[in-house]
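What follows is a single structure, written as structure tokens, with notes after it.
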Amino acid sequence: MEQVAEAAGVTRTTVHRRFANRQALVEALAAEAALKLAEAIEDGHPETAHPLVALHRATANVLRVKGAWGFALGPAVAHSEQAARTHEEIAHRCTELLGRIQAEGVIAPDADLEWVRRVFYALIGEALHGGEGAADSRREPAPDPDPDPDALPTRIIDTLLHGVGPRPSS
């Protein structure tokens, strides 16, 4: 708590007045980070934009937020009830967007959208962390991001929708 106060430029007493203990502070951070994530997704206009455009925008936004709020979105804070509710809503919104993409014929009609969503989340996690904390410490870290801000979201979506096999002819 002292380090948080110092980083925030306030006294320890100020932090303790607002948060009863470390857990309360962590839960508040988790809730705020989850709201930032929900806002990032909504900024992609998942209900009104073309579904692939919405997916790309949301993916780029999520990468930005997850990069900035990594700790507050990690497993260490997974027990925040408010954050958990927000993450459930985010998962629902994501599955709805994937359903719109499926309706466009880009995702197979018999694909399990819950599985597709989980793979999408895994791709984002791998892109951000590149195997950090994996049991095999010999894994290489994620490559340096391309200077083009669209490159990583495009790569994630391309992998999600087409896998790693040859691309279909246009």
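The values are calculated or read from the model by the stated rules, or taken from the named source; none is laboratory data. Note that the coordinates shown come from a computational prediction; the quantities given were computed from them, not determined experimentally. For neighbour counting, all protein chains shown are included, and Cβ atoms are generated from backbone atoms with ideal geometry for every residue, glycine included. When the accessible area is computed, the model is the full protein with side chains, heavy atoms only, and any ligands, DNA or RNA have been set aside. Shrake-Rupley method; radii C 1.70, N 1.55, O 1.52, S 1.80 Å.
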query = Based on what the data block shows, is PRO109 under 23 Å from ARG155 (Cα atoms), out of contact with any strand residue (DSSP E or B) (no Cβ under 8 Å at 6 or more places or on another chain) and open to solvent by 70 Å² or more (accessible area, probe 1.4 Å)?
reply = yes
message = Of the residues ALA7, ALA54, ALA31, only one is aliphatic (A, V, I, L, M) and free of Cβ contacts under 8 Å to residues at least 40 places away in the same chain; which?
response = ALA7
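Residues checked against (1) at pLDDT 95 or above; (2) open to solvent by 100 Å² or more (accessible area, probe 1.4 Å); (3) assigned to a loop (DSSP other than H, G, I, E, B):
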| position | (1), (2), (3) |
| --- | --- |
| GLU96 | yes, no, no |
| GLY99 | yes, no, no |
| TYR121 | no, no, no |
| ILE124 | no, no, no |
| SER137 | no, yes, yes |
| ASP144 | no, yes, yes |
| SER169 | no, yes, yes |
task = Scan segment 28-39 and give yes if some residue there is closer than 20 Å to GLY125 by Cα and open to solvent by 90 Å² or more (accessible area, probe 1.4 Å), otherwise no.
result = yes
note = Across (1) surrounded by fewer than 12 Cβ atoms within 10 Å (Cβ to Cβ); (2) at pLDDT 90 or above; (3) β-branched (Val, Ile, Thr), THR13 clears everything bar (2)
ask   = Can you name the condition, by its number, that GLU47 falls short on among (1) charged (D, E, K, R); (2) surrounded by fewer than 19 Cβ atoms within 10 Å (Cβ to Cβ); (3) not in a loop (DSSP other than H, G, I, E, B)?
value = (3)
task = Determine whether ARG85 is in a helix (DSSP H, G or I), among the charged types (D, E, K, R) and closer than 18 Å to LEU123 by Cβ.
result = no
key: Residue within segment 3-10 that is modelled with pLDDT of 85 or more and β-branched (Val, Ile, Thr) present   = no
